[in-house]
Amino acid sequence: MTPILSARSVSKSYSTVSLVGQSKPKTVLRDIDLDIAAGESIALLGRSGSGKSTLGRLLLGFERPDSGKIAFAGTEIGGLSGEAYRDYRRSVQIVFQDSLGAVNPRHTIGRILAEPLRHLTTLNADERDRKVRALLMQVGLAPDDMRKLPTQMSGGQLQRVCIARAIAPGPKLLVLDEAVSNLDLVLQMQMIELLKQLKASLDMAVLFITHDLRLVRLFCGRVIVLADGAIREDAPVDRDLKLCSEEGRLLQGAILPARPVHRQIEVA
Amino acid sequence: MTATLTIENLRIAARHGNHDHVLVDGVSLTIRRGRILALVGASGCGKSMTCSGAQGVLPPGVRVTHGEVLHDGKPIAPQKLRGHVVATILQNPRSAFNPVQTMADHARETLRAVDKLDAGWRSRTLDAFDTVGLEDSETVLRLHAFEMSGGMLQRAMIALALLSDAPFLFADEPTTDLDLIVQARILDLLDDLARRRNLGVLMITHDMGVVARLADEVAVMENGRIIEMASTRDIFDNPQRIATRELVEAHMALYPEVA
C-alpha cells in the first residue's frame, strides 16, 4: 500500500544572513528516509535542535527540502496542483506547541474553526456553523465557546481548539509538534486521552513530535530517534521500550524518576 | 547565620472594577537553608504569583493586600529581599535576558544591583560560569543571548543567581522549556549547588518527576491556597487531598512499568 507521506533522502540546511554577509550553512536534516502509513502513530523523538520540527515543516510543505523528495500518496508535493493540492492540504494537518501564538487573537473561536472549512471544503455557511459546533463537542468544549476570543480561554482549552481546527478538514495525518508540552501534567494526560480517542474514531495517522519519552509509551506504536538531523533508530514501541542507539539510550537515561529518589533528610 | 525565609499569610489580589479578585489567599511557607521545597499545582493556581508577590515584582494591577516575608523571623521589605537574600531563576531563559547586552553586561548589572560590583567582578563571574558547567567561560562573557542554546542560557541564569551570594533561591519552572537531556543536567546542577552551598530553594514546578528527582518537601496549591504540605515521600505514598492525588496519578500514568 502507498504510504500517506514518504520522505526520500531528504536534506535541509539553513544559513543566517546578516549585515556582515551570509553564514556557513548549517545542516539540520541529512538523508532522511521515512514512510508514514495510514493509521500509524509514530513518535519523532529527539533533543532540542535535532531537526524534529524542521522535518515536520517539510512534511507539511511549509518549506522545501534542499535535496531529496517528499511525496503525498506517491506524488511529489512540489508537483501537486488544483484538486490534488487541496487534497494534500486537507489530508495533512498540524498542531503547534504554543496555542496562543497559533491563532489570530482578534478572531472568535467560531471564525478560527471555520477557516479551514471555508478554504478546504465545499460546506456552505450553515453547514460550516453546524460543523464548528460539532467539532467543539468532539474535543470536549461547549458549542457556545464559538463566541469566545482566544484570550478568554485557558491554555488547555485553546489547545483543544487548535486540535479541533486541525481535524476539521478530515486529515489522514495529524502532526503534533510538542502539542502538549506547554500544558501541566494533569492537562497533558487529558489531552493524550483526547488524542487517542480522536485517532481511533477518525482513523488518522499521527506523527507525535516530542522530547519526552514518557509520553511516547502512552500514545505511539513506533518511535524514530533523531539526532543531529539524522535518524538513529526506528523501533516499535511496547511496554518495556528499550532504545538501543546511543542517542536513544541517552534520552532514556534522562527520564525523570517515577518515585522520590532524594536521600532521607534528618527531621528538623 | 541565616536559616529560614518565611512567607506569612500572603494575600494577593487584582482589582476588577470595584472588587478584588483574590489570586493568592493566605499562603504561608517556610524555606530552610539546605532544603528544597517544591511548590506544585495546576496552571493558574497562583504558584508564580506567590513567588513574585513575596519579592514585590507583581504585574501592574496586581498587589499584595496582606502578609509579609520574614527573614530569620524578622520582617524584611521586598526590595531588601530580592538579589540580596533571594536570587531568582525563571522559566524561559530566552526572554529573561536583555537581547542587546552581553553576558558580561548582565553579570555587572547583577552585581551592581546588590552593591557588589568591584574590581574582582570578572574573576568571580568566570568562577560562577565554571561552577555551572559553562565551558570556555572567557568566550561566554562576550556572548549575547541569541548566540547561546537554551541549556547554556539556563546555566548562565543560574550562574548570575549564584553571583549575588544570596542564601535563598527561587526557581520558577527552571527546566520546563528544556529538552529531557538538558533538563536532567540542570536538575543535577541545582541539586548539587543547593547541597554544596547550603541554599534554601523554592522550586515551582508542575512536573512531579522534577519533585521526585530533588525535592525534600512539597507544598500543593489549588485556587490560590496551600491545600497540603508534606515530605516528598508522603506526598507520593499518602496524598491526602484530591488535587494532590490527581497530580500524583497523572504523573504515575507516565510510568506504566512502575504502576
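State which entries of A:Lys24/A:Lys69; A:Lys148/B:Lys47; A:Lys26/A:Lys52; A:Lys172/A:Lys196 exceed 19 angstrom in Cα-Cα distance in the structure shown.
Details: A:Lys24/A:Lys69 24 Å; A:Lys148/B:Lys47 27 Å; A:Lys26/A:Lys52 15 Å; A:Lys172/A:Lys196 15 Å.
With Cα atoms farther than 19 Å apart: A:Lys24/A:Lys69; A:Lys148/B:Lys47.
Roughly how crowded by other chains is peptide B:40-47, in terms of the mean Cβ count from those chains within 10 Å of each of its Cβ atoms?
On the way: counts 2, 2, 7, 9, 4, 1, 0, 0.
Other-chain Cβ atoms within 10 Å of each residue's Cβ, averaged: 3.
Across the Cα atoms of chain B, what radius of gyration and what greatest pairwise Cα-Cα distance (Dmax) are found, in Å?
Cα radius of gyration and Dmax of chain B are 18.5, 56 Å respectively.
With every protein chain kept in place and ligands, DNA and RNA left out, what is the accessible area per residue of the stretch A:169-228? Probe 1.4 Å, answer in Å².
Solvent-accessible surface per residue comes out at 28 Å².
Once you average over the residues of A:183-194, how many Cβ atoms of partner chains fall within 10 Å of each Cβ?
Mean shielding by partner chains, rounded to a whole number: 5.
Any idea what the dipole of the stretch A:38-158 comes to, in debye rounded to 20, about its Cα centre with Lys/Arg Cβ at +1 and Asp/Glu Cβ at -1? Please report the intermediate quantities before stating the final value.
Numbers: 17 positive and 13 negative charges, 44 e Å.
The calculation lands at about 220 debye.
If ligands, DNA and RNA are left out, what is the accessible area of A:Leu194 with a 1.4 Å probe, given in Å² to the nearest 10?
10
What are the membrane-span-like helices in chain A by this rule: whole DSSP H runs, Cα extent along the axis at least 20 Å, mean Kyte-Doolittle hydropathy at least 0.0?
A:185-202
Once you list every other residue whose beta carbon is under 14 Å from the beta carbon of B:His71, what net charge do they have if Lys and Arg are +1 and Asp and Glu are -1? Each step should come with its number before you reach the end.
Details: positive: B:Arg32, B:Arg33, B:Lys74, B:Lys80, B:Arg82; negative: B:Glu8, B:Glu68, B:Asp72.
Net local charge, B:His71 excluded: +2.
At a temperature of 25 °C and a viscosity of 0.890 mPa s, determine how fast chain A diffuses translationally according to Stokes-Einstein, using the Kirkwood radius over alpha-carbon pairs as Rh; express D in µm²/s, rounded to the nearest whole number. All intermediate terms of the calculation are to be shown ahead of the outcome.
Numbers: Rh = 19.9 Å.
Rounded to a whole number, D works out at 123 µm²/s.
At 1.4 Å probe size, with the rest of the protein present, what percent of the exposed accessible area of the protein assembly as shown is carbon and sulfur atoms?
Here carbon and sulfur together make up 49 percent of the probe-accessible area.
Per residue, how much accessible area does the stretch A:1-104 show when a 1.4 Å probe rolls over the protein heavy atoms, in square angstrom? Provide the component values of the computation, followed by the final result.
On the way: 5220 Å² over 104 residues.
I get 50 Å² per residue for the stretch A:1-104.
Looking only at other chains, what is the average number of their beta-carbon atoms within 10 angstrom of each beta-carbon in B:180-186?
Average per residue, whole number: 6.
Report, in deg cm²/dmol and to the nearest 500, the calculated mean residue ellipticity at 222 nm for chain A, where each DSSP H run with n ≥ 4 adds -39500 (n - 2.57) and the sum is divided by the residue count.
Rounded to the nearest 500, the figure is -10000 deg cm²/dmol.
Which of the aspartates and glutamates could a cross-linker span from B:Lys80 if the Cα-Cα distance has to be under 16 Å and same-chain partners fewer than 8 positions apart are dropped?
Partners found: B:Glu68, B:Asp72, B:Asp115, B:Asp165.
In the stretch B:226-254, which residues give up 40 Å² or more of accessible area once the other protein chains are added, compared with their chain alone (1.4 Å probe)?
In the stretch B:226-254, residues shielded by partner chains: B:Arg233, B:Ala250, B:Leu254.
Which Cα, out of B:His144, B:Met208, B:Ala194, lies furthest along the positive dipole direction of the protein assembly as shown (beta carbon charges, K/R +1, D/E -1)?
B:His144
Place a +1 charge on the Cβ of each Lys and Arg in the stretch B:96-190 and a -1 charge on the Cβ of each Asp and Glu, then give the dipole magnitude about the Cα centre in debye, rounded to the nearest 20.
240
Once you have the Kirkwood Rh of the stretch B:91-175 from its Cα pairs, apply Stokes-Einstein at 37 °C and 0.692 mPa s and quote D in µm²/s.
Numbers: Rh = 12.8 Å.
My calculation gives 256 µm²/s for D.
Could you derive backbone 3J(HN,Hα) for the stretch B:173-185 from the dihedral phi with the Karplus parameters 6.51, -1.76 and 1.60 (θ = phi - 60°), listing whole Hz in sequence and x where the residue is Gly or Pro?
6, x, 10, 4, 8, 9, 6, 4, 5, 5, 4, 4, 5
Report the antiparallel proportion of the DSSP beta bridges in the protein assembly as shown as a percent, rounded to a multiple of 5.
On the way: 50 of 87 bridges.
Taking every DSSP beta bridge with both residues in the protein assembly as shown, the antiparallel ones total about 55 percent.
Please give the solvent-accessible surface of A:Lys26 in Å², to the nearest 10, using a probe radius of 1.4 Å with every protein chain present.
130
Taking both sides together, what accessible area is buried at the B/A interface, probe 1.4 Å, expressed in Å² and rounded to the nearest 100?
For chain B against chain A, roughly 3300 Å² becomes buried.
For the Cα atoms of chain B, what angle does the longest principal axis make with the long axis of helix B:242-252, in degrees from 0 to 90, nearest 10?
The two axes meet at around 60 degrees.
Would you rank A:Arg106, B:Arg124, A:Arg89 by solvent-accessible area, highest first, keeping every protein chain in place and using a 1.4 Å probe?
From most exposed to least exposed: A:Arg106, B:Arg124, A:Arg89.
Can you send over the solvent-accessible area of B:Met229, 1.4 Å probe, protein chains only, in Å² to the nearest 10?
100
Just the accessible area per residue of chain B, please: how many Å² with a 1.4 Å probe? Display every interim value, and only then the final one.
Values: 10960 Å² over 259 residues.
Accessible area per residue, chain B: 42 Å².
Positive end of the charge dipole of the protein assembly as shown (Lys, Arg +1 and Asp, Glu -1 on Cβ, about the Cα centre): tell me which of B:Asn18, A:Ser154, A:Val103 has its Cα farthest that way.
The listed residue farthest towards the positive side: B:Asn18.
In the stretch A:32-87, with Lys and Arg counted as +1 and Asp and Glu as -1 at Cβ, which of these residues, A:Gly82, A:Gly56, A:Ser67, has the Cα nearest the positive end of the dipole, that is, farthest along it?
Value: A:Gly56.
What does the highest-first list of B:245-258, A:66-79, B:24-37 look like by mean Cβ count within 10 Å?
Top of the packing list down: B:24-37, B:245-258, A:66-79.
Using only C-alpha atoms and all pairs of different ones, pull out the Kirkwood radius for the protein assembly as shown in Å with one decimal.
Result for the protein assembly as shown stands at 25.1 Å.
Whenever you get a sec, line up B:Ser137, B:Ser149, A:Ser13 from highest to lowest accessible area (probe 1.4 Å, protein heavy atoms).
Details: B:Ser137 15, B:Ser149 60, A:Ser13 35 Å².
Correct descending sequence by accessible area is B:Ser149, A:Ser13, B:Ser137.
If you place +1 on the Cβ of every Lys and Arg, -1 on the Cβ of every Asp and Glu, and leave all else neutral, what size is the dipole of the stretch A:82-122 about its Cα centre, to the nearest 20 Debye? It would help to have the intermediate numbers written out before the result.
Details: 6 positive and 4 negative charges, 28 e Å.
My answer is approximately 140 debye.
Using heavy-atom solvent-accessible surface (probe 1.4 Å) with all chains present, what is the largest-first order of B:Phe146, A:Phe219? Could the numbers behind the result be given before it?
Working: B:Phe146 155, A:Phe219 15 Å².
Descending order: B:Phe146, A:Phe219.
What are the residues whose amide H is under 5 Å from the amide H of A:Leu29, where those residues sit 5 or more places off or on another chain and H is modelled from the backbone?
Amide H neighbours of A:Leu29: A:Lys12.
The values are calculated or read from the model by the stated rules, or taken from the named source; none is laboratory data. Everything quoted here is computed from the prediction, not taken from an experiment. Here Cβ is always computed from backbone atoms with ideal geometry, including for glycine, and neighbour counts include all displayed protein chains. Areas reflect the complete protein model, heavy atoms only, side chains present, ligands, DNA and RNA absent. Shrake-Rupley method; radii C 1.70, N 1.55, O 1.52, S 1.80 Å.
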